[in-house]
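K.L.:
Questions regarding the structure given below will be posed in turn.
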Amino acid sequence: MPTRAQLSQVDEEQLLATIDRWLEKDIRPVVKTFDHEDAYPAAIVAQMKELGLFGATIAQEFGGLGLPATTYAKLVMRIASVWMAITGIFNSHLMLALAIEKFGTKRQQQAWLPRLASGDVRGGLALTEPDAGTDLQGIRMTARRDGGDYVINGTKTWISNGIEGSCFAILVKTDPNAQPRHKGMSLFIAPKQKGFRVGRKLEKLGYNCIDSAELILQDYRIPADHLIGEVEGKGFYQATGGLELGRINVAARGVGMAEGALRLATEYAQLRRTFGKPICEHQAIQLKLGEMVTRAQAARLLTLAAAEAFDRGERCDLEAGTAKFFSSEAALENSTEALRIHGAYGYSKEYDIERFYRDAPLTCIGEGTNEMQRIIIAKQWIKRNPVS
Ligand SMILES: Cc1cc2nc3c(=O)[nH]c(=O)nc-3n(C[C@H](O)[C@H](O)[C@H](O)COP(=O)(O)OP(=O)(O)OC[C@H]3O[C@@H](n4cnc5c(N)ncnc54)[C@H](O)[C@@H]3O)c2cc1C
C-alpha cells in the first residue's frame with residue numbers, strides 16, 4: 001500500500017476553515033428544509049464541485065486534491081456534524097474513483113479520473129442486489145463476453161447516487177459457476193447508456209436528499225476495455241479493496257454525527273430549565289452528557305488512528321473496522337441520548353436532532369454491517385495474536 005503525504009498544518013487548517021465557512025453560510029441555514037422536502041440539493045452539489053470534494057482523495061496528477069486519509073476524515077467529520085447525508089454524495093463517488101485509481105489500467109485512469117475529480121462525471125459503487133448484500137458472492141448480475149464487448153444483465157439495489165449519477169462501478173459474475181465463488185466475479189466501469197435504467201427511488205427513514213435507487217441492466221453492452229484492470233475474476237478483491245478507506249469514511253461520518261448530536265444537546269441542556277435550574281445541572285442529564293463526550297472523543301481518536309495507519313501505508317483493516325464499529329454506534333447512541341435530552345422537542349421536526357436520530361442508523365449498516373464488523377475485528381485480532 002503506498003504511503004500518503006500529509007498536508008502541512010497550515011494547508012490543512014486553511015482547507016478545513018474553508019469547509020467551516022461553507023457549512024455555516026450555505027449548509028446549516030438550509031439543511032432542515034432540504035431534508036424535510038427530500039429534494040436533491042443540486043445547488044449544493046455545484047458548490048461541492050467548486051470545493052473540489054468530488055476529487056478529494058483522487059491523486060493530484062489526475063486533477064484531484066490528493067488528500068491524505070487524515071485530512072479527508074477531518075473534512076468528513078466537519079460536514080457530517082452539520083448534515084451527514086451530503087457526505088454520501090461524494091463519498092460513494094470516491095469509492096468508484098478509488099477502484100479505478102487502485103486497480104484500473106493506465107488508460108482507464110487517464111480516461112475516467114480527471115472527469116471524476118472535477119465532478120463532471122459523478123457516480124458510485126454498485127454491489128448490493130435484492131438477494132445479496134452482506135453475502136456479496138451471492139450476486140446474480142452476469143456479464144457475458146460477446147466479441148469485443150460484454151453484455152450485462154441483472155439488478156442492483158440501494159445504490160447511492162443511483163438517479164443523479166451517470167457512471168458506476170458494477171460488480172458482476174463473469175463466471176457464475178466458479179468455485180470459490182469470488183473467482184468468477186469482475187468489476188466494470190458502467191456509464192449510463194442504452195440498456196441501463198433506474199428502477200425506482202427507494203423511500204428511507206432518513207439519509208434524505210441523496211438518491212438511493214434500483215439500477216436495472218438489460219442487455220447492456222459495453223466494450224471489454226470497461227472491465228477494471230482488464231482481467232476477469234478480480235472483481236471481489238477490487239470491490240472490497242477500497243473497504244479500509246470506505247470504513248474510515250463511515251467512521252468519520254459517525255464521529256461528525258456523535259459530535260453534532262453532543263453539540264445540540266450541550267446547547268439545549270443549558271437553555272432548558274426545570275425545577276428552577278438548567279437541566280444540565282441535574283445529575284441524570286450530566287450522566288448522559290458525560291457518556292456522550294467520552295464516546296465522541298474516543299470515536300475521533302480511533303478514526304484518526306486508523307487514518308494515520310492508512311496514510312503510513314500500513315494494513316489497517318482492524319483499525320478501520322474498530323473505528324467504523326465504534327464511531328457508528330457512538331453516532332446512534334449520542335443521537336438517541338440527545339433526542340431524550342430535548343424532551344418533547346427532540347420529537348419535533350422544528351429541531352435538528354430528529355434528523356440525526358433518523359440518519360445515524362445508516363452508519364451502522366453501510367460499508368459492512370456492525371454485526372459483520374465485529375466478526376471481522378475478532379478474526380483479524382486472532383490472526384495478529386496467534387498462540388505461539
Ligand atoms: C441508505 C443506504 C445506502 C446504500 N448505498 C449502497 C451503495 O451505494 N452501494 C451498494 O452496493 N450498497 C449500498 N447499500 C446497501 C448496503 O451495503 C447493504 O444494505 C448492506 O451491505 C447489508 O446488506 P443487506 O441489506 O442485504 O442485509 P443482509 O445481508 O440481508 O443482512 C441482514 C442482517 O443479517 C446480518 N448478517 C448477514 N450475514 C451475517 C453473518 N454471516 N453473520 C452475522 N450476521 C449476518 C446483517 O448484519 C444484518 O443485520 C446501501 C444501503 C442503504 C440502507
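K.L.:
Debye calculation, C-alpha points only, no solvent: report log10 I(q)/I(0) for region 30-114 at q = 0.11, 0.15 Å⁻¹, in the same order as the q values.
P.N.:
-0.33, -0.59
K.L.:
Taking the alpha carbon gyration tensor of region 101-238, what are the square roots of 5 times its eigenvalues, largest first, to the nearest whole Å?
P.N.:
22, 19, 14
K.L.:
If you filter region 66-157 for chymotrypsin sites (Phe, Trp or Tyr not before Pro), then keep DSSP loop positions with at most 10 other Cβ within 10 Å, what is left?
P.N.:
Within region 66-157, no chymotrypsin sites (Phe, Trp or Tyr not before Pro) qualify (loop, at most 10 other Cβ atoms within 10 Å).
K.L.:
Over region 9-118, what is the relative contact order in whole percent, taking alpha-carbon pairs under 8 Å and six or more residues apart?
P.N.:
29
K.L.:
Using Cβ contacts closer than 10 Å as the measure, can you line up Ile58, Ile382, Ile189 from fewest to most?
P.N.:
Going from sparsest to densest Cβ surroundings: Ile382, Ile189, Ile58.
K.L.:
Tell me the mean residue ellipticity at 222 nm calculated for the chain from its helices only (DSSP H runs of n ≥ 4, each -39500 (n - 2.57), averaged over every residue, nearest 500).
P.N.:
So the helix-based figure for the chain works out to -16500 deg cm²/dmol.
K.L.:
Same structure, new question: Any idea what the relative contact order of region 24-81 is, in percent, if you count C-alpha pairs under 8 Å spaced at least 6 apart?
P.N.:
17
K.L.:
Any aspartates and glutamates with Cα under 18 Å of the Lys383 Cα? List them, leaving off those in the same chain fewer than 8 positions away.
P.N.:
By straight Cα distance, Lys383 reaches Glu244, Glu314, Asp317, Glu319.
K.L.:
Hey, what's the Kirkwood Rh for the chain if you take every pair of different alpha carbons, in angstrom?
P.N.:
For the chain, inverting the mean 1/r across all distinct Cα pairs yields 21.6 Å.
K.L.:
Now for a different question. Antiparallel as a % of all DSSP beta bridges within region 123-235, to the nearest 5?
P.N.:
85
K.L.:
Check every DSSP H run in the chain and write down those whose alpha carbon atoms cover 15 angstrom or more along the long axis and whose mean Kyte-Doolittle hydropathy is -0.5 or greater.
P.N.:
Helices meeting the span and hydropathy rule in the chain are 69-83, 85-103, 243-271, 283-311, 317-341, 353-365.
K.L.:
Kindly flag which residue pairs out of Lys234/Lys324; Lys173/Lys234; Lys74/Lys102 have an alpha-carbon separation exceeding 18 Å in this structure.
P.N.:
Lys234/Lys324; Lys74/Lys102
K.L.:
Can I ask one more? When only DSSP loop residues count, what trypsin sites (Lys or Arg not before Pro) in region 295-388 have their Cβ near at most 10 other Cβ atoms within 10 Å?
P.N.:
The qualifying sites are Lys349.
K.L.:
Out of Ser166, Ser81, Ser186, any idea which swings most in a Gaussian network model of the chain, alpha carbons joined below 10 Å?
P.N.:
For the chain, modelled as a Gaussian network with Cα springs under 10 Å, the answer is Ser166.
K.L.:
Then there is this: Among Lys288, Lys183, rank each residue by its count of other Cβ atoms within 10 Å, from fewest to most, as a rough exposure measure.
P.N.:
Lys183, Lys288
K.L.:
Can I ask one more? Between the alpha-carbon centers of region 1-68 and region 140-159, tell me the distance in whole angstrom.
P.N.:
So the separation of the two Cα centres works out to 33 Å.
K.L.:
Now, a different point. Antiparallel versus total DSSP beta bridges in the chain: what percent is that, nearest 5?
P.N.:
That works out to approximately 85 percent antiparallel.
K.L.:
How high is the relative contact order of the chain, in percent, counting Cα pairs under 8 Å that sit 6 or more residues apart?
P.N.:
17
K.L.:
Excluding residues on the same chain fewer than 8 positions from Lys277, give the aspartates and glutamates whose Cα lies under 16 Å from its Cα.
P.N.:
Here the aspartates and glutamates satisfying the reach criterion relative to Lys277 are Glu267.
K.L.:
Related question: Rank the residues Glu61, Glu308, Glu291, Glu101 as a footprinting-exposure proxy: fewest other Cβ atoms within 10 Å of their Cβ go first.
P.N.:
Ranked by crowding around the Cβ, least crowded first: Glu61, Glu291, Glu308, Glu101.
K.L.:
Now, a different point. What aspartates and glutamates sit close enough to Lys204 to cross-link, taking a C-alpha to C-alpha distance under 16 Å and skipping anything fewer than 8 places away on the same chain?
P.N.:
Asp35, Glu37, Asp38, Glu214, Glu354, Asp359
Just so you know, all these numbers are worked out from the coordinates, no wet-lab data involved. Predicted model, so just to flag it, every value in this text is computed and none were measured. Quick reminder, even Gly has a Cβ in these numbers, built from the backbone with ideal geometry, and neighbours come from all protein chains shown.
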